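None of the figures in this text is laboratory data; all of them are computed from the coordinates on show. Just so it is clear, the structure is predicted and the values come from calculations on it, not from any experiment. Positions of Cβ are generated from backbone atoms using ideal geometry, with glycine treated the same way; all protein chains shown enter the neighbour counts.
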Amino acid sequence: MKAFLRVAALVVRKDLTVEVRSLEVVSTTLFFAVTVVLIFAFGFVREGVPTDGVAAAILWITVAFSGTLALGRTFERERQADTLRALMLAPADRPALYAGKLVGMLLLMALVELILVPLVGLLFQAPIFRAPLRLAGLLAAGTLGFAAIGTLFAAMLVRARSRDVLLPVLLYPMTVPVMIAGVRGTAALFQPQPDAGMAQFWFALLVFFDVVFVTLALWTFEPLMTD
Amino acid sequence: MTTAVKAQLGIAALMFAASPWVINAAPHEATMGLVYKIYFYHMPSAWMFMLAAIVAGVASARFLFTKRQASDATAVAAAELAVVFGLLALVTGPLWARKAWGVWWVWDARLTSSLMLFLIFVAYLLLRQFGGPGSEKLSAGLALFGMANVPFIYVSVNYWRTLHPKTSVVPTLPVEMGRPLWFCVTAFLLLFLALLSLRATLERHRTRIDALYLSHDEA
């Protein structure tokens with residue numbers, strides 16, 4: 001267990017160091033997320049007033065889009081110098097490598113969401129400070145579910161042809177439960193009379209989803225990544 | 001083609017040819033009249049779709065953990081059949097819904113989860129087609145994760161509202177309606193089994209030829 005955590009922490013540190021030196025993924029993903037929100041604003045704001053109840057959907061769609069972009073870029077970097085293969089050759093637990101990659105991805109997406117949520121609140125008049133803890137919980141659980149599947153699939157796709165197209169093709173049908181639960185839960189918080197019970201239900205579903213898929217990913221990472 | 005497959009195909013063909021008469025013999029339903037009879041094709045295709053999905057998921061898990069090539073061939077065959085029968089179910093369903101509910105499509109738990117499962121298998125075939133070498137493993141992972149996903153999609157959509165008739169409809173059907181239904185289910189099942197073993201054999205031959213070609217190239 002100790003070795004597992006140490007390997008995971010080392011992978012996270014390596015990813016962060018690479019990222020801090022270039023800021024490539026953070027800056028491009030953040031810029032992309034902001035432009036996506038703006039494009040939604042052009043579609044959904046009429047006469048200066050945003051359409052009712054679209055904020056939650058826009059927030060989650062943007063998270064999914066920018067998450068896909070970040071996943072693609074992160075693993076493309078690992079592919080170019082064949083460093084993923086080097087990582088796999090290391091005498092370490094494969095699941096620990098997966099856990100490290102997943103945590104790195106989560107940190108990156110959390111950073112993007114930190115900018116994204118206030119932006120959506122600002123542009124679509126969403127009450128993001130009404131239940132900040134519940135909103136943060138929904139976002140954290142949803143992002144974990146999305147990233148758990150995304151990291152596994154992006155890692156597998158590194159060896160495939162036309163990986164750029166295939167990542168969203170595989171990822172979006174798989175993460176439908178995350179999208180439904182995230183959008184419904186957030187919408188329950190954003191509506192004029194917030195429904196805490198409803199948000200709680202969707203949060204519980206997301207946590208359950210996370211537990212199942214993180215376990216499944218840790219379990220299948222080894223056979224999936226072995227040639 | 002083995003004798004068993006030939007026999008299955010032959011019987012299925014005869015049964016499909018006879019099915020219009022068998023279905024015609026079933027009584028009209030009180031509120032929907034003649035139109036409800038699409039159900040005799042809709043439900044068997046939906047069942048075969050589910051069966052194909054389960055076969056694909058189980059075969060993929062086996063392939064992933066045992067690396068048996070035969071399991072992969074079964075998984076591909078089942079995935080293709082899932083798309084075929086899924087498409088049949090998704091086309092006949094709205095035809096029925098238009099008459100029963102007055103709309104072509106509703107975002108009900110069964111409909112949505114069937115559609116998402118169908119999309120997962122389309123993604124599976126896209127991956128097989130365009131993923132290049134090594135995509136067998138990837139697609140096995142996809143099928144396995146897709147299977148695990150279905151209950152979540154079902155629960156999450158179910159929290160809205162469910163219109164689709166419940167599973168309890170089938171055992172309570174009157175005998176005159178039950179007989180043609182089971183007739184059609186048998187015909188679909190025979191067709192499914194025949195196609196599954198044909199396609200799996202084809203896939204096994206294809207991988208063998210590929211391997212022979214590669215070893216010849218290297219020699």
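Quick notes on this structure:
- Percentage relative contact order, chain B, counting C-alpha pairs under 8 Å, at least six apart: 34
- Proximal lysines to residue A:101, defined as alpha-carbon separation beneath 18 angstrom and excluding residues fewer than eight positions away on the same chain: A:2, A:14
- A Gaussian network model of chain A, with springs between Cα atoms under 10 Å, assigns the largest mean-square fluctuation among A:116, A:152, A:89 to A:89.
- Note on residue B:137: lysines with a C-alpha under 16 Å away, same-chain residues under 8 apart excluded, are B:67.
- Over segment A:141-227, volume per residue of the alpha carbon convex hull, in Å³: 75
- Order of B:182, B:47, A:202, B:21 - criterion: other Cβ atoms within 10 Å of each residue's Cβ, fewest first: B:21, B:182, B:47, A:202
- Summary value for segment A:2-225: 26 percent relative contact order, contacts being C-alpha pairs under 8 angstrom separated by 6+ residues.
- Fluctuation leader among B:58, B:76, B:103 - chain B, Gaussian network, Cα springs under 10 angstrom: B:103
- Counting only other chain Cβ atoms within 10 Å of each residue's Cβ, the peptide A:181-191 averages 1.
- Across segment A:1-53, the convex hull enclosing all Cα atoms gives 106 Å³ per residue.
- Angstrom value of the Kirkwood radius, inverse mean 1/r, which spans all Cα pairs in segment A:1-109: 15.8
- Relative to its residue count, the protein assembly as shown spans a Cα convex hull of 176 Å³ per residue.
- Note on chain A: the alpha carbon radius of gyration divided by the globular reference 2.2 N^0.38 Å gives 1.04.
- GNM result for chain A, Cα springs below 10 Å: residue of A:113, A:76, A:47 fluctuating most strongly: A:47
- Rounded to the nearest whole Hz, the Karplus-based 3J(HN,Hα) values (6.51 cos²θ - 1.76 cosθ + 1.60, θ = phi - 60°) of segment A:59-75 follow the sequence 4, 6, 5, 5, 4, 5, 5, 5, x, 4, 4, 5, 4, x, 5, 4, 7, with x at glycine and proline.
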